[in-house]
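Taking it in order: structure first as structure tokens, then the write-up.
The values are calculated or read from the model by the stated rules, or taken from the named source; none is laboratory data. All of these numbers come straight from a predicted model, not from anything done at the bench. Counting neighbours? That spans all protein chains shown, and the Cβs are built from the backbone with ideal geometry, glycine included. Accessible surface is based on the protein model in full, side chains and every heavy atom, while ligands, DNA and RNA are left aside. Shrake-Rupley method; radii C 1.70, N 1.55, O 1.52, S 1.80 Å.
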Amino acid sequence: MTEYPGRGLHGQTVELIAHRILSGRLAEGATLDIPALEAELDVSRTALREALKVLSAKGLVGARQKRGTFVRPRSAWNLLDGDVMRWQFAAPAATWTRFLGDLAEVRTLLEPPAARLAATRRTDADLAELDAALSDMDDAVDPDAAVAADLRFHRALLSCTHNELLGRLEVVVERALAERDRLVHGGSAPDPVPTHRPVLEAIRAGDPDGAEMAMDELLTAANQHAAALTREAERG
């Protein structure tokens with residue numbers, strides 16, 4: 001889906017209402033006061049409807065006759081949508097800490113077995129891409145570069161499996177991982193190279209057990225660091 005970075009009146013309207021929903025200020029089931037929103041945001045009815053169409057497409061709001069426009073239950077939200085992921089990180093810590101916990105579980109289920117498969121299927125080109133990603137990681141001098149390098153490595157890992165469906169899962173996890181990485185690398189993050197290099201070397205050696213174990217250890221370290229950050233954020 002198209003992402004809305006918040007620029008322009010339309011984008012700003014989408015972002016503001018979304019943040020209120022994700023933060024709980026507009027609770028699940030709440031009916032939106034359309035005239036009040038028009039007046040507060042100084043937008044036309046047409047512009048507000050267009051913004052609500054965007055939020056409807058992402059599962060955040062719905063509309064029914066006699067009830068009007070309302071906030072849908074969280075179970076209906078498109079939590080894999082890039083904007084919805086990003087908006088969660090602008091919400092209170094309780095919202096994105098839950099998200100990080102879910103992401104950690106998904107990665108634990110997905111990436112160690114993917115590393116095992118990669119060790120049996122990698123090509124020279126795959127190894128070159130993993131090497132380049134690790135080099136980028138080592139050379140990163142700012143958070144944006146660190147995020148880009150980490151995403152490159154994990155994208156390359158899934159590609160190494162030569163399983164088309166696993167390769168497409170990068171679309172699912174990339175935005176989530178990017179938002180998590182911005183949180184992690186925005187603080188005093190440990191050097192990621194020592195945990196990523198063993199994964200690469202086990203894949204290079206064609207060692208499925210070693211690759212799976214190294215990826216499991218990488219995720220354990222990453223999850224421990226993320227958990228420490230979330231505890232700090234929850235303490236305020």
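Just a yes or no: is a residue in the range 130-150 part of a helix (DSSP H, G or I), of a type in the set (A, V, I, L, M, F, W, C) and open to solvent by 60 Å² or more (accessible area, probe 1.4 Å)?
Taking every residue of the range 130-150 in turn, none turns out to be part of a helix (DSSP H, G or I), of a type in the set (A, V, I, L, M, F, W, C) and open to solvent by 60 Å² or more (accessible area, probe 1.4 Å).
If you take the residues of the range 81-120 that are in contact with a Ser or Thr (Cβ under 9 Å, 6 or more places away or on another chain) and not in a helix (DSSP H, G or I), which of them is least open to solvent (accessible area, probe 1.4 Å)?
Once the filter is applied, the top-ranked residue is Ala91.
Please enumerate the residues belonging to the range 12-43 that are among the polar types (S, T, N, Q) and in contact with a helix residue (DSSP H, G or I) (Cβ under 9 Å, 6 or more places away or on another chain).
Answer for the range 12-43, where residues must be among the polar types (S, T, N, Q) and in contact with a helix residue (DSSP H, G or I) (Cβ under 9 Å, 6 or more places away or on another chain): Gln12, Thr13, Ser23.
Determine whether the range 3-11 contains at least one residue that is loosely packed, with under 13 Cβ neighbours inside 10 Å, free of Cβ contacts under 8 Å to residues at least 40 places away in the same chain, part of a loop (DSSP other than H, G, I, E, B) and under 19 Å from the mean Cα position of the chain (by Cα).
Scanning the range 3-11, I find at least one residue that is loosely packed, with under 13 Cβ neighbours inside 10 Å, free of Cβ contacts under 8 Å to residues at least 40 places away in the same chain, part of a loop (DSSP other than H, G, I, E, B) and under 19 Å from the mean Cα position of the chain (by Cα), so the answer is yes.
Give the range 1-31 a look and list any residue that's farther than 24 Å from Leu80 by Cα and modelled with pLDDT of 95 or more, or say none.
Once the filter is applied, which keeps residues that are farther than 24 Å from Leu80 by Cα and modelled with pLDDT of 95 or more, the range 1-31 yields only Thr31.
Looking only at the range 41-64, decide whether some residue is part of a helix (DSSP H, G or I), open to solvent by 70 Å² or more (accessible area, probe 1.4 Å) and either under 23 Å from Glu179 (Cα atoms) or in the same structural domain as Glu170 (by the TED database) (or both).
no
So which residues in the range 143-179 are farther than 22 Å from Trp96 by Cβ and either outside the structural domain of Leu100 (by the TED database) or out of contact with any helix residue (DSSP H, G or I) (no Cβ under 8 Å at 6 or more places or on another chain) (or both), if there are any at all?
Matches in the range 143-179: Glu164, Leu165, Arg168.
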